[in-house]
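The values are calculated or read from the model by the stated rules, or taken from the named source; none is laboratory data. The structure presented is a predicted model; accordingly, all values stated were derived computationally and were not measured. Note: ideal-geometry Cβ built from the backbone for every residue, glycine included; neighbour counts use all protein chains shown.
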Amino acid sequence: MSADSAYGMLIPHSRPQLGREERLAVLGTLDRGWVGAGGEASREFENALAAAFQRPAALAVSSGSAALEVALRVADVVGERVAIPAFACASIERAVVRAGGRPYLVDADPDDLSFPPGTLRSLAGQCKVAILIHQFGLPAASATEVADAPLAVIEDATTCVGGHVLGRAVGAFGRFVVMSFSATKMLCGGEGGAVVGSAEDVEAARRWTDPESDLPPDAPVPHAKIPDMACALAATQLTRLAEFVTRRADIARLYDETLGEEAHRVLRAPDNSSGTWWRYLIAVPGDAAGAVEHGRADGVGFSQPVPTRQWDGRGHFPVSDRLYQDLVSVPIYPSLHDGDIEHVRRTLRKVVGIE
Ligand SMILES: Cc1ncc(COP(=O)(O)O)c(C=O)c1O
C-alpha cells in the first residue's frame, strides 16, 4: 500500500515528513536492543529539547495530553480553576479534568485564536493556572504578558515550536513548556510529548510519571512513559525543525499567490512575530462545513481546525462560534509534493470562488 492510499484520500489533511534520518534513528534503537522507556535515545532527546528551549531540563512522555496532565499535577490544580482557550483541541480540557482541575473556558482572540490581550491579568484570584496555547502555528501575542501574570502559565508550543513572539522564541515564556509529538504535529514521534522547564519542576514531573515513585499508589499518571523508538524519531525531527518551518512558509506563499486579493482571509502571524504555518487557516464566512465537503469531494483533505463546539451551552463565546463557522484548514506540510500543491491550489481557487 502506498503512503497516500494509506491515508484514504488523494491529499490527506496531515502527513509526517519521514525520511532516511528517521529510519536510521529508529533502527539505531533496535540495534542497541533498547526500544522501551528510559534508554539512551530518551536521554539524548530530553537534552536536545532542553537545549532547544534554553531551559534547564526536559522530560519526554507518552503524549501531549500526558505532558499537560503532569505539568498540571506539579502545579497542583486539584479543585482549582484552570483557564484554557474555548476554541482548542478537546485534549486540553480532558487533561485539566484528569488532573483534578476545573476548566475555565476563555473565548478566543480573533487574530491569534489564543487568549485575548489582558486575559492573564484579569484571571487574578479566579484561576490558579492558565494554559496558554500557541494555536495552529500562530504565535500567541499574550505570551508577552506571562512575566507579569498573577498565576502560573503552562505554555503549549505543540504547533508553534520554531516560531517567535516579538523576537523571543515560542517556549520562552511559561513556567512549563509542553508539547505533543503525535503524528500530525510539527515534530512527529508517532506519539509522544514533553514537559520542559526548571530542574525542580521537571524532577517533580518525572515522579508523576514513574510507577515506582514514592507517590501514593493511585497518583502517578498512567501510561506516561515514552519508548526510546519514539524519542529517536522525534529527536531526529527536532534537528530538522528549521527545514520544516521554511518549507511550510514556502507552501504558504504559493497558496497566498493563488488567493491573490483574497489572501486577507488567511490568519497569519503579525509582522513583529513569526509562526510556523502548521495550519493554513482561511475564513469562508458561515460555510466552513460546506467548504470542507467541497474540498474533500475534490480529493483534498480540508478540515475544520476545531471539529466540535465544546463550549456550546457553557456561556457566551461569540468569537469561538464565529471561528467554528468560518475557518477551514487547508493541507500544508513539508511532505506535500509539487503536484499535490498544485492540486490544493486548484481546489482552493474553486472553494473560495476565484475564477
Ligand atoms: C495544542 C495541543 N496540545 C496538546 C495536544 C494533546 O496531544 P496528544 O494528542 O499527543 O495527547 C493536542 C492534540 O491535538 C494539541 O493540539
>> Being surrounded by fewer than 15 Cβ atoms within 10 Å (Cβ to Cβ) and touching a residue at least 60 places away in the same chain (Cβ under 8 Å) is the filter here; which residues of the range 311-350 pass it?
In response: 314, 315, 316, 318
>> For the range 192-214: of the residues being in contact with a helix residue (DSSP H, G or I) (Cβ under 6 Å, 6 or more places away or on another chain) and surrounded by fewer than 24 Cβ atoms within 10 Å (Cβ to Cβ), which is farthest from residue 84 (Cα to Cα)?
In response: 213
> When the range 53-85 is examined, which residues are found to be among the small types (Gly, Ala, Ser) and within 14 Å of the ligand (Cβ to nearest atom)?
Replying inline: 60, 62, 63, 64, 65, 66, 67, 71
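Would you mind stating whether residue 98 is more than 22 Å from residue 304 (Cα to Cα) and within 14 Å of the ligand (Cβ to nearest atom)?
Values: more than 22 Å from residue 304 (Cα to Cα): yes; within 14 Å of the ligand (Cβ to nearest atom): yes.
Spelling it out, residue 98 is indeed more than 22 Å from residue 304 (Cα to Cα) and within 14 Å of the ligand (Cβ to nearest atom).
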>> If I ask for residues that are under 18 Å from residue 323 (Cα atoms) and touching a Phe, Trp or Tyr at 6+ places or on another chain (Cβ under 7 Å), which ones from the range 252-277 would you list?
In response: 266
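Scan the range 259-310 for residues that are without any contact (Cβ under 8 Å) to a residue 40 or more places away in the chain and more than 28 Å from residue 103 (Cα to Cα) and jot them down.
Applying the first criterion (without any contact (Cβ under 8 Å) to a residue 40 or more places away in the chain) to the range 259-310 yields 261, 263-264, 266, 271, 287, 289-290, 292-293, 297, 304, 307, 309.
Result: 261, 263, 264, 266, 271, 287, 290, 292, 293, 297.
Condition first: out of contact with any His (no Cβ under 9 Å at 6 or more places or on another chain) and more than 30 Å from residue 53 (Cα to Cα). Can you find one or more residues in the range 236-253 that meet it? Can you show your working first?
From the range 236-253, those out of contact with any His (no Cβ under 9 Å at 6 or more places or on another chain) are 236-253; that's our starting set.
Next, only the ones that are more than 30 Å from residue 53 (Cα to Cα) stay: none.
Checked the range 236-253: no residue is out of contact with any His (no Cβ under 9 Å at 6 or more places or on another chain) and more than 30 Å from residue 53 (Cα to Cα).
Looking at residue 209, is it within 16 Å of the ligand (Cβ to nearest atom), more than 12 Å from residue 59 (Cα to Cα) and assigned by TED's automatic domain parsing to the domain that holds residue 76? Step through it out loud before you land on a result.
On the way: within 16 Å of the ligand (Cβ to nearest atom): yes; more than 12 Å from residue 59 (Cα to Cα): no; assigned by TED's automatic domain parsing to the domain that holds residue 76: yes.
Against the criterion (within 16 Å of the ligand (Cβ to nearest atom), more than 12 Å from residue 59 (Cα to Cα) and assigned by TED's automatic domain parsing to the domain that holds residue 76), residue 209 does not qualify.
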> What pairs can you find where one residue is in the range 152-179 and closer than 13 Å to residue 142 by Cα and in a strand (DSSP E or B), the other is within 13 Å of the ligand (Cβ to nearest atom) and among the aromatic types (Phe, Trp, Tyr), and their Cβ atoms are less than 9 Å apart, with a gap of 6+ or different chains?
Replying inline: 153/176; 154/176; 155/176
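Please find, among 181, 173, the residue that is among the aromatic types (Phe, Trp, Tyr) and more than 12 Å from the ligand (Cβ to nearest atom). If you could, list the steps in order and put the result at the bottom.
On the way: 181 fails: more than 12 Å from the ligand (Cβ to nearest atom).
The unique qualifying residue is 173.
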